[in-house]
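Reading through the structure tokens given below for one structure.
The values are calculated or read from the model by the stated rules, or taken from the named source; none is laboratory data. Computed from a predicted structure; not experimentally measured. All Cβ positions, even for glycine, are placed from backbone atoms using ideal geometry, and neighbour counts span all protein chains on display. We work out accessible area using only protein heavy atoms, side chains counted, and drop any ligands, DNA or RNA first. Shrake-Rupley method; radii C 1.70, N 1.55, O 1.52, S 1.80 Å.
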Amino acid sequence: MLALGAVAGGAGAAAVLLPKGTTAPVTAGAAPAPVTPTGAGGAAAAGHVGHSVPSGFAVPGGPAIRPAVTPFTVPMPLAKELRPVASTSTADRYELTVKPADVEILPGLKTPMWTYGGSFMGPVIRARTGRATEVSFRNDLALATNVHLHGAHVDAANDGYPMELIEPGGSRTYRYPNKQQGALLWYHAHSHGTDPEHVYRGQHGFYIVDDPAEAGLNLPCGAFDVPIMLRDALFDAAGNFVFGGNPADRNVALVNGKPQPYFQVAARKYRFRIVNTATERVFRLSLAGAKITQIGTDGGLLPAPVDKAELKFSSGERVDVVIDFSQVKFGSSIVLTDATFGPMLRFDVVRRATDTSKVPARLRPLEVLPAATVTRDVAIATDFSQGGPIPVGVINGKPFDHNRIDMTVKRGSTELWNISNADGAYGFTHNFHIHLVQFQVISRNGGPPAPEDAGLKDTVLLPPGDVVQVKAQFTGYLGKYVYHCHFLEHGAIGMMGQMEIVD
Ligand SMILES: [Cu+2]
């Protein structure tokens, strides 16, 4: 009832699914009218093509610009930690208000945003393995929203199901048991059809599960354990976000909410937990040839550290890395660069420091899962056959319908899913996120997993034509959970399905 109308706005929305530099899908069939992404100007020409849900405030949405940013003139902000309003022997309780706020992102300009707690970035919620968290969200926006804790192993009632919304003026408390290993999770809006705009306008925050079982590893901690949030944005001349059009046109990368900041570091090891909160983006980060050691991914630590020349991760995915700035000449700088955006973040090595932290050769073994008893094929595709200005996103041929159960999964069972990007002919990239579980990638295109597939994953990248086999055990909870492309504009046009976990 809502998916397409809610997101459709015209030609610009179709551009969401056109590969960059392509004028139209290349396969036969009833293709839509061609729309050519032409960079920021093209997005401006498409105008404000967001969905028709009323905004929480007036969003002028003038023509998009490429703002003049002088690189490395502002410090990278650090997310503030949210303090509990109450604590018991077993749980911490937090309160957060979802509300509009004007935030300075570009120097001297105010960007109206939809925030957690009035700031951007929102606060980091720091949880602990085995200790429950309750977060009460009050909705002070003028439109309904909800909250999903991405990567959490949580019962269905607290998973932020896409049809269960918090109405304006309402509130809802989500309970998270945190019965999972240490990891960077993140909370964000997950209202079906409207979450691309909610997340784009600022509804995303860090949630770190600290795990006492990992304390003995002596990884960098405290001030040397820094969460970083990467995303993109498109602005008009007044500093407003421009929403709609082709997400590939968003021409400003934000690092903890700022374009091209610097970060002053000591000549020692730092742990950076990085999440891609862009609604539709693949980041490919490198560090001028210097060593980046990956220690973890979506669901927690890897079995062993891996040195990486490039970190490749798509919307929703996390990479947990250690960078040793003693490898950089003291008093100099090194720049973290993205393959698309170029320079993103400059590290300035300005202090000496003793460093007793380590990156042990063994981190955390992967659990050996039982043999799978069920194998399923899950094909993600874009269906242009239905006409209209935008295509329909489908999984196994069907767009999301919350009244339909697409799979029934027996609780406790282990399954293999062959997840394919069936849009190879169009050149569309997707990814795939499964709620409730952390999975292991068994193979990619019949061969070994790619480097970025290692460890416990909840979201996996699917380049055009790729087939990824993942294995998961569905423990713990019953009820309905969704799985979907985490390019949120794709999920919003239907690229989502749901499973019901049963006994
Ligand atoms: Cu997709």
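Worth pointing out:
- Residue 482 vs. criteria within 16 Å of the ligand (Cβ to nearest atom), aliphatic (A, V, I, L, M) and touching a residue at least 24 places away in the same chain (Cβ under 8 Å): yes
- Flag if residue 365 is open to solvent by 30 Å² or more (accessible area, probe 1.4 Å), assigned by TED's automatic domain parsing to the domain that holds residue 449 and not aliphatic (A, V, I, L, M): no
- Taking the criterion of being closer than 21 Å to residue 478 by Cβ and within 16 Å of the ligand (Cβ to nearest atom), the only residue of the range 386-407 that qualifies is 400.
- Contact map, the range 446-466: residues that are in contact (Cβ under 8 Å) with a residue 60 or more places away in the chain paired with residues that are among the small types (Gly, Ala, Ser) and not in a strand (DSSP E or B), Cβ distance under 7 Å, separation 6+ or inter-chain. Pairs shown: 455/299; 456/299; 457/299; 458/151; 458/299; 459/316.
- Yes/no for residue 338 being under 30 Å from residue 408 (Cα atoms), away from the ligand (no atom under 16 Å from the Cβ) and touching a residue at least 12 places away in the same chain (Cβ under 8 Å): no
- Where residue 288 falls short, out of the listed (1) open to solvent by less than 20 Å² (accessible area, probe 1.4 Å); (2) of a type outside the set (Phe, Trp, Tyr); (3) under 17 Å from residue 335 (Cα atoms): (1)
- Selection from the range 338-358 of residues that are of a type outside the set (D, E, K, R) and surrounded by fewer than 18 Cβ atoms within 10 Å (Cβ to Cβ): 339, 340, 342, 343, 350, 353, 354, 356
- Of the numbered criteria (1) touching a residue at least 60 places away in the same chain (Cβ under 8 Å); (2) within 16 Å of the ligand (Cβ to nearest atom); (3) touching a strand residue (DSSP E or B) at 6+ places or on another chain (Cβ under 8 Å), the one residue 379 fails is (1).
- Scanning the range 436-479 for residues being away from the ligand (no atom under 16 Å from the Cβ) and assigned to a loop (DSSP other than H, G, I, E, B) gives a total of 16.
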